Amino acid sequence: MSLELIKETTRINYFTGEGSSQTIVEHDIIVPDINPDVLRILLLDGEVIEEKSEALQDKVSVKGTVRYKILYVSDDKDQSIKSINASRDFSYSFDVENANSKMKTRIKSDIEHIDYEILNGRKINLKTIIKLKAKIINETEQEFVSELKGVEDLQILRKNIDIYSYLGENTSNYTLDEDLEIPAGKPSIKEILRTDVKIVGKDYKIADDKIIAKGDINILTLYIGDTEERSIEFMEHEVPFTQTLKFQGIDDDSECEVDYRIENFSFNPDEDSDGELRILKSEIKVSIWAQANNRRNLEIISDAYSMKSKIDFETESFKTSRVICRDSSQVILKETVKINGDSPDISEVFNVLSRPNLFESTISDKGVTIEGCVNNSILYVANNTEQPVFCHYYEIPFKHTVQLKDVKPEMNCEVDLNIEHCNYSMVSENEVEIRVVVDVDTKVVDQMEYLLITEAVENEEQRIDNGEFASLTIYFSQPGDNLWKVAKKYLTTVEDVKKFNKIDEEELGVGRQIIIPRKASSFS
């Protein structure tokens, strides 16, 4: 006869696996008709924008766009420095074990390397290596047995487990539409060469069934000034923003993930009240994604037996993720970069563009060790008539240790690096001092696995004969024994074993003599 199982249902969202791969995007960029011919590439970099990803059977499919920014020296002396913005769509699939079409994906993508060749003054060939990392997440309604009924003399083992009940995910789009003024002392805009947009000061708080996300949009602009010399100018703006995402049931103890992405941006010079191009008209679209889980402690039935009949159980394995700890820290790098003999001397530094690159993160009993570097592109005016503008590349390696408690090498570690701040100063005609602050966000996650009861049936054909048992049994505990295992083996109760042997602790150790009071005999 089937027992009555009282069940509790909880929505679960858990990490099931991950995979990584590389793909190469190769194509030609045609110089726009309004631009002069390319003589030399000054700076070429880009970013990957993921547009769609989906899980397939043991695979993940990704579609996205690579956006390129090219700064080059032209063959026109009157327009020596020019820029090209271009993009290329791509799609790629790679193997991820245990993935299937019912699961969700989270993709992290970065440009690992770009090779280029100037085929002629109007065409540039690009080969871009894209690094992709996919996390597979399963969302399901999970049942837990909280009570068993229907059998006489039923002994029940209860267990407390910590789980994260999934509240859901939400995406909110924020658009910055603002007129930014050219700083005093800077000339009006003749032509915009390059803009770089990033989000710094990321933070969020939880209040009244919502996540309030905030940050600062940092805008770096390189432009040609409206002067006779067509001077190259640099300016920086920072605009704060706040966005709200609704989550029913969220509270201060909830576990949250918040991700910020720059989806698109455009900048155009505009006239001020005096008719001069001293306004940078900006439109920036930011996508903020968040998911939330509530930590719950559940008491479940992990085992049971009857002293009257045998009970047959059906079980299933349940896996869940548990966040062990989070940490936010910073790496502060300061280094004097010496321009080597192959590069011309410096007259003035325009800008330094810094990008973090994570090599490896290693978890140990004491914490997480992170190795990486910051790639710096130093853009400057050169004391050289043949190469008036130059870019020098310099890599600053770093090693950073985050001290954490309660972590183990077998746990999963997630590290996110972002440049919080970068400034520089010219020391001499061949030296630049760079100071970079790298934000390091570290999360350690443990994978927990439990065996859950799904069905329980009383086997009435295997009734226990109460007339066939010894009045006393002497048992010597074995490795891994506890009171429950011994009581179940000899079909007595934990309370009787405790009382008869004057034992308080659950674990017994090895070789301990246990006297078993008669309750019922074993069955075969």
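The values are calculated or read from the model by the stated rules, or taken from the named source; none is laboratory data. All values reported here derive from a predicted model rather than from experimental measurement. Here Cβ is always computed from backbone atoms with ideal geometry, including for glycine, and neighbour counts include all displayed protein chains.
Residues of the stretch 141-172 that are surrounded by fewer than 17 Cβ atoms within 10 Å (Cβ to Cβ), out of contact with any Lys or Arg (no Cβ under 6 Å at 6 or more places or on another chain) and not in a strand (DSSP E or B): GLY150 alone.
The single residue among ILE114, ILE84, ILE70 that is farther than 30 Å from ALA292 by Cα, under 28 Å from the mean Cα position of the chain (by Cα) and aliphatic (A, V, I, L, M) turns out to be ILE114. Beta carbons closer than 9 Å, at least 6 apart along the sequence or on distinct chains, never pair a first residue in the stretch 43-59 that is more than 16 Å from ARG88 (Cβ to Cβ) and outside the structural domain of ILE84 (by TED's automatic domain parsing) with a second that is surrounded by 15 or more Cβ atoms within 10 Å (Cβ to Cβ) and of a type in the set (Asp, Glu). Restricting ASP37, ASP78, ASP95 to residues that are under 30 Å from ASP226 (Cβ atoms), of a type in the set (Asp, Glu) and modelled with pLDDT of 90 or more narrows the list to ASP37. Within the stretch 73-91, residues that are under 30 Å from LYS52 (Cβ atoms) reach no partner that is modelled with pLDDT under 90 and surrounded by 13 or more Cβ atoms within 10 Å (Cβ to Cβ) with beta carbons closer than 6 Å at six or more positions or on different chains. Of all residues in the stretch 193-208, those satisfying the criterion of being aliphatic (A, V, I, L, M) and not in a loop (DSSP other than H, G, I, E, B) are LEU193, VAL197, ILE199, VAL200, ILE206.
Suppose the filter is at pLDDT below 75, surrounded by fewer than 15 Cβ atoms within 10 Å (Cβ to Cβ), over 14 Å from SER306 (Cβ atoms) and more than 53 Å from the chain's Cα centre (by Cα); does SER471 pass it? Yes. Within the bounds of the stretch 379-401, is there any residue that is under 20 Å from CYS325 (Cα atoms) and modelled with pLDDT of 90 or more? Yes, some residue in the stretch 379-401 is under 20 Å from CYS325 (Cα atoms) and modelled with pLDDT of 90 or more.
If the condition is being among the β-branched types (Val, Ile, Thr), surrounded by 15 or more Cβ atoms within 10 Å (Cβ to Cβ) and assigned to a loop (DSSP other than H, G, I, E, B), then the stretch 227-252 contributes only ILE250.
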